[in-house]
Structures are given as C-alpha cells and as structure tokens.
Amino acid sequence: MLRLKSYLAGEWRDGEGEGATLYDPCTEEAVATTSTAGLDFAAAFRWARNLGGPNLRALTFAQRGAVLKALSKAIHDAREELIEASMQNAGTTRGDAKFDIDGAAGTLAYYASLGKKLGDRRFLVDEGEQLTRSPRFYGYHAKMPRTGVAVHVNAFNFPAWGLAEKLAVALLAGMPVISKPATATALTTFRLMEVLLKTGELPEGSLQLVCGSAGDLLSHLGPQDVLAFTGSADTGTYLRGLENVLARSVRVNVEADSLNAAVLGPDVEPGSETWIRFIKDVALEVTQKTGQKCTATRRVFVPAERIDAVQEALVEAMDAVVWGDPRAEGVRMGPLASAQQLRDVTAGVQTLVEGGAREVWRSSREAVGATEGKGYYFPPALLRADEPRKAGVVHEHEVFGPVTTLMPYTGLGEAGELVALGHGGLVASVYSDDREAIGVLVRALVPWSGRVLVASAKVADQASAPGLVLPSCVHGGPGRAGGGEELGGLRGLDFYMQRTAVQGDRGLLERALDMR
Ligand code: NAP
C-alpha cells in the first residue's frame with residue numbers, strides 16, 4: 001500500500017508505526033497510510049528559521065513572485081495526476097477536483113503577478129508623515145517579513161487549494177511555511193508537494209509538509225511565528241488557547257464554520273433573470289463538492305409569500321443532480337469525503353430537524369455506480385424552517401454536506417436580523433434588482449460577513465457564484481467564521497509581516513528603509 005511521508009528538513013521522512021489509513025470514499029478501500037510518530041518537528045522549525053527565512057528574505061518581491069509563477073505552472077502541468085489523486089482519496093468529481101486544483105494554480109499565479117508589480121523591494125514602507133513642527137522628524141510604518149515560521153493547518157475539503165492559497169501569500173511576504181493538510185484527504189496534498197519540489201524553484205527551507213497527525217508541531221511556535229488554521233470552530237478554539245500560543249503572543253488566523261446565507265430580494269419575480277440565477281446558485285452551492293465547502297450556502301432566506309415557489313424551483317434544480325461514484329458516466333456529485341463526515345452529516349440533519357426544521361425533500365435517485373453497501377454517500381436534501389427565530393439550531397449548527405435550509409422573512413429588516421443570527425459568516429449573497437433593497441441588505445450584512453455578493457440582472461451572466469473564493473478579495477469572516485482574514489490581494493501579506501513605526505531623521509530613515 002502507498003505510504004505517505006512528510007517532507008521535513010530537506011528530506012522525505014516516515015513516521016513510526018502503522019499510523020492513519022486513508023480511504024477511497026466511493027469504495028471504502030484503503031489507499032494509503034501515513035504516520036508522523038517520532039518525527040522531529042523541532043528540527044523542521046530550525047530548518048525553516050535558519051535556512052528558509054533568510055533565503056526568502058534575500059529575494060525581492062519580483063523574485064518571490066517568479067517562484068510562485070513556476071509553482072503555478074507546475075500544478076497546471078500536473079493537473080491530470082492531481083485530479084486522479086483527488087478522485088481516489090476525496091471522492092470528488094472531475095469538476096470538483098478541478099475547482100480545487102485550478103484554484104491552487106490560479107491563486108499562485110495571482111500572487112505571482114502581485115510580486116512582479118511590487119518589483120525590486122524586499123519589504124514595504126508606507127508614505128510616512130511629519131511628526132512634529134520640524135520637517136526633519138518623520139515617521140514611517142515599515143512592514144517586514146516575520147523571521148519565524150508560518151505554520152498552516154488545513155481542512156480536508158481543499159487539499160490542493162488549501163496548501164496553495166496560504167503558501168502563495170506567505171512566500172510572497174517572505175516567510176517559510178510548514179503545511180499540514182487534514183489526514184483524511186492528504187493524498188492529493190502529498191502528490192502536490194512532489195510536484196512543487198520537482199520544480200527545483202522552492203528556495204531551500206521555504207516549504208515543508210506534515211502528512212498525518214500534528215503531534216507536538218504547534219508546541220514549537222514562538223513569538224515570530226504565525227499559525228493559520230482552517231477547520232472546525234472547536235479545533236480552532238483549542239489551538240488558539242494553546243499555552244505557548246497565548247504566552248508567546250503567536251499570531252493566529254482562524255477560518256472556521258460558517259452558516260452562509262443567501263437572501264432573495266422582495267422584488268424578484270419567479271422566472272426573471274435574477275430569480276433563475278438565485279435558484280442556480282443555491283443548487284450549485286448545495287451540491288458542488290457534495291456541499292463540503294466552507295462557503296456553501298447553508299441558509300436561504302426568501303420573502304414569505306414566495307417560499308413555496310422557491311421550494312418547488314429548488315427541488316427541481318437539485319433533483320437534476322445525478323450523484324454516485326464520480327467514475328460513472330454522468331455523475332455530478334460524489335460521496336462525502338470520509339466515514340466521519342457521513343456520521344457528522346447524518347447526525348447534523350437530525351439535529352436540525354429536532355431543532356425546528358423539517359426535511360421537505362431528499363433526492364430519491366440511487367447512487368449511480370456505487371458498490372452495494374459501500375461508500376460514504378449522502379443524497380442532496382432540502383430542509384425548511386417556517387419559524388426561523390424559533391429554529392435556533394439552524395443558525396448555529398453547520399451541516400457540512402449537500403444540505404440547506406429554506407426560511408421565510410417578512411420585511412428587509414427581518415432578513416438582516418435573521419442573517420445575523422448566524423453570528424458571523426464567510427459570505428452572504430443578495431439577489432435583487434431593487435437599489436433600495438440592495439442598499440438596506442448590504443448595510444445589514446456587511447458587519448456579519450467576510451464577503452457580500454450582490455447578484456442582480458446586469459451581472460447575472462458574469463458574476464461568480466458566492467462559494468467561489470477569489471484571491472483578490474478577502475476570505476474570512478467575523479464571529480463564528482473564526483474572525484480571520486486571508487487573501488484579499490496585498491492585504492493578505494499583513495499577517496506574515498511585522499508592521500513597525502520607525503521614527504527619526506527623514507533622510508536617515510529613507511536610507512535605512514531602502515527608500516533611496
Ligand atoms: P478539523 O477536524 O477541525 O480539522 C482541521 C485540521 O486541524 C486538520 O488538518 C486536522 O488534522 C487538524 N487538527 C485537528 N485537531 C488538531 C490538534 N489538536 N492539533 C493540531 N491540528 C489539529 O476540521 P475538518 O473536519 O478537517 O474540516 C471541516 C470544517 O472546516 C468545517 O466545519 C468547515 O466549516 C471548516 N472549514 C472552514 C473553511 C474556511 O475557510 N473558513 C474552509 C474549509 C473548511 P487531522 O486531519 O490530522 O486530524
């Protein structure tokens with residue numbers, strides 16, 4: 001059986017013992033094992049701090065960008081091999097695998113272009129300000145790469161993009177990375193790492209991979225290090241509270257659960273362009289990647305008088321989705337990624353139903369191409385809660401599968417209040433062509449969301465779906481979503497850089513900060 005190793009301190013290294021087993025979610029056959037037991041993570045930190053950091057900081061932004069460009073190209077060239085790994089270990093359709101892998105290549109390419117634009121500089125300095133009456137006494141804010149290690153811990157649902165989106169920003173900022181994918185779907189990340197190393201473009205020490213359990217990895221985090229975590233709120237809360245993380249003020253970014261909302265405006269008539277776009281987006285968000293997207297739409301708010309028409313249209317759109325083994329002809333939705341996911345989603349739907357929602361539809365199709373009694377399949381399902389304020393759990397419990405809950409609202413004020421019951425989300429979407437309604441909703445949703453997408457008729461055929469994370473826009477969200485912020489173009493670099501006020505004689509400072 002395939003053995004996944006970790007790439008640490010310049011070598012592929014195997015942990016002791018059998019470790020964890022990775023499965024094919026369609027057949028439940030074991031595809032690989034991996035272990036990190038006994039691996040020396042302290043040495044990995046030293047390697048990154050002593051080699052990776054200095055090597056990256058010696059490069060200009062343009063040079064770091066060139067590295068990212070080469071990595072992006074390598075992923076693109078290895079696309080078929082990576083799609084194969086994703087289908088085998090994550091049960092994705094080809095389309096879902098491409099979403100992850102092309103997203104990885106695209107994000108690296110985007111940050112490569114930012115590096116090129118930043119040019120020959122190695123760190124960033126703002127415009128500066130005169131601080132007293134003397135024009136000589138000046139203050140600048142300099143942003144320099146932190147001299148530690150960026151540890152990235154990722155969720156199971158984006159094994160390629162998860163590594164690449166964080167890596168792109170950290171490397172461009174000038175920080176070396178230790179990346180840990182979720183164990184269950186680490187095969188794609190392992191293959192990706194092989195592809196990236198083969199380019200020969202990664203500066204020595206700039207990237208290491210932990211395949212398997214984190215062990216004592218995080219206990220080595222110190223004051224110049226950062227931790228970027230994507231996963232469940234429970235794990236995020238635990239990691240944030242680690243003793244060394246608190247005592248050494250380790251900078252932490254958390255991307256966690258999110259009860260993303262879609263709101264249909266009161267002006268939208270059934271059959272209109274905006275209506276069609278709304279139905280299409282919700283059906284896509286529920287079923288793409290089998291609903292295992294942090295940005296998937298979990299709560300759908302519609303004007304009370306339209307709820308039956310919306311339900312009918314959504315059921316029709318979701319019923320068109322053929323699901324089963326992605327290797328079978330015509331399958332558009334695969335199984336959940338793991339046995340644990342299947343247990344969680346099954347229990348999650350039960351929790352929502354006990355909490356005031358009712359299941360109004362579940363796909364009655366058979367899982368196409370499935371082996372009898374095998375596979376972590378869960379059909380697309382639609383829930384409905386007619387009294388959303390009484391169904392508290394619908395706004396609190398994220399079911400990470402092909403499931404969403406439809407709810408009515410009366411008046412725009414109530415729509416905003418209901419979205420806020422989710423206590424902070426990654427993305428909220430508004431479907432309307434009424435300027436007033438859009439204004440009210442956007443102003444109500446922004447404080448509770450990392451991103452707000454407005455889909456109106458004029459952009460209906462051009463706008464991206466709400467679940468698509470673009471590297472130029474911030475990804476993250478307040479409250480339940482973790483309170484974090486990633487990507488967003490150059491904004492993302494701030495996490496990996498120390499911003500420091502530097503005061504003194506203007507001429508001297510400009511020389512010290514390489515401004516002349
Ligand atoms: P998870 O169980 O919290 O695991 C996430 C990562 O944390 C995995 O790499 C896991 O490693 C690691 N981990 C778990 N316990 C740890 C510990 N004590 N110390 C160090 N690392 C630890 O979450 P998941 O099941 O993979 O992901 C699903 C959740 O992630 C969903 O709730 C979803 O909303 C959220 N998510 C959020 C975003 C976002 O951008 N906001 C994106 C994707 C997913 P092992 O696999 O080895 O246990």
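What follows draws every value from the coordinates through simple rules; no lab data is involved. Bear in mind that the values here come from a model prediction, so they are computed numbers and not experimental data. Glycine also receives a Cβ, built like all others from the backbone with ideal geometry; neighbour counts cover every protein chain displayed.
Per DSSP helix of 4 or more residues, -39500 (n - 2.57); summed, then divided by the residues of the chain. What does that give at 222 nm, rounded to the nearest 500?
-10500 deg cm²/dmol
Quote the Stokes-Einstein diffusion coefficient, in whole µm² s⁻¹, for segment 194-263, based on the Kirkwood radius over alpha carbon pairs, a temperature of 10 °C and a viscosity of 1.306 mPa s. For the chosen part, D equals 110 µm²/s. For the chain, the share of DSSP beta bridges that are antiparallel, to the nearest 5, is 40%.
All other residues whose Cβ lies under 10 angstrom from that of residue 461 are scored, Lys and Arg at +1 and Asp and Glu at -1, for a net of +1.
3J(HN,Hα) along segment 469-482, derived from phi through the Karplus expression 6.51 cos²θ - 1.76 cosθ + 1.60 where θ = phi - 60°, amounts to 8, 9, x, 7, 10, 4, 10, x, x, x, x, 3, 6, x Hz, with x in place of Gly and Pro.
Could you quote the convex hull projected area for segment 361-516, Cα atoms only and averaged over all directions, in nm²?
Taking the Cα atoms of segment 361-516, their convex hull projects to 16.2 nm² on average.
Computed from the alpha carbon atoms alone, the convex hull of segment 415-461 holds 63 Å³ per residue. Considering only alpha-carbon pairs that sit under 8 angstrom and 6 or more positions apart, the relative contact order computed for segment 264-355 is 24 percent. With a threshold of 23 Å on the Cα-Cα distance, the over-threshold entries among 143/166; 117/143; 166/293; 293/390 are 293/390. Structural descriptor for segment 417-516: relative contact order 25 percent, calculated from alpha carbon pairs under 8 angstrom and at least 6 residues apart. Directionally averaged projected area (segment 82-165, Cα convex hull): 8.4 nm².
Each residue of segment 88-100 is assigned a 3J(HN,Hα), and the resulting list reads 6, 10, 10, x, 7, 6, 4, x, 5, 5, 5, 4, 6 Hz, derived from the Karplus form 6.51 cos²θ - 1.76 cosθ + 1.60 (θ = phi - 60°), x at Gly and Pro. In the chain, the longest principal axis of the Cα atoms and the axis of helix 161-173 are about 30 degrees apart. Oblate is the label for the chain, because the ratio a/c of its alpha-carbon gyration tensor axes (a ≥ b ≥ c) is 1.5 or higher and a/b is not greater than b/c.
Based on every Cα atom in segment 16-131, Rg and the maximum pairwise Cα distance Dmax equal 19.9, 67 Å.
D by Stokes-Einstein for segment 260-470, Kirkwood Rh over Cα pairs, 20 °C, 1.002 mPa s: 125 µm²/s.
The angle between the Cα long axis of helix 339-354 and the main principal axis of the chain comes to about 50°, on a 0 to 90 degree scale. Which angle from 0 to 90°, rounded to the nearest 10, does the C-alpha axis of helix 273-287 make with the longest principal axis of the chain? It works out to around 70 degrees. The amide H of residue 125, built 1.01 Å from its N in the peptide plane, has 143 as neighbours under 5 Å, considering only residues 5 or more places off or on other chains. Within the shell of other residues whose beta carbon sits under 10 angstrom from the beta carbon of residue 92, the net charge comes to +1, with Lys and Arg scored +1 and Asp and Glu -1. Taking amide H as placed 1.01 Å from N in the peptide plane, residue 178 has its amide H under 5 Å from the amide H of 150, 151, 152, 208, each at least 5 places away in sequence or on another chain. Taking only the Cα atoms of segment 24-75, the ratio Rg/Rh comes out at 1.21, with Rh defined as the Kirkwood radius.
Could you grab the Rg to Rh ratio for segment 434-515? Cα atoms only, Kirkwood for Rh. Working shown, then result.
On the way: Rg = 19.1 Å, Rh = 16.1 Å.
Rg/Rh for segment 434-515 comes to 1.18.
Annotation: amide H-H contacts under 5 Å for residue 498 (H modelled 1.01 Å from N, sequence separation of 5 or more, or interchain): 144, 146. Normalised by residue count, segment 203-357 yields a Cα convex hull volume of 213 Å³ per residue.
Work through the residues other than residue 2 whose Cβ is under 13 Å from its Cβ and net out their charges, Lys, Arg +1 and Asp, Glu -1.
-2
Projected over every direction and averaged, the convex hull enclosing the alpha-carbon atoms of segment 87-243 yields 12.4 nm².
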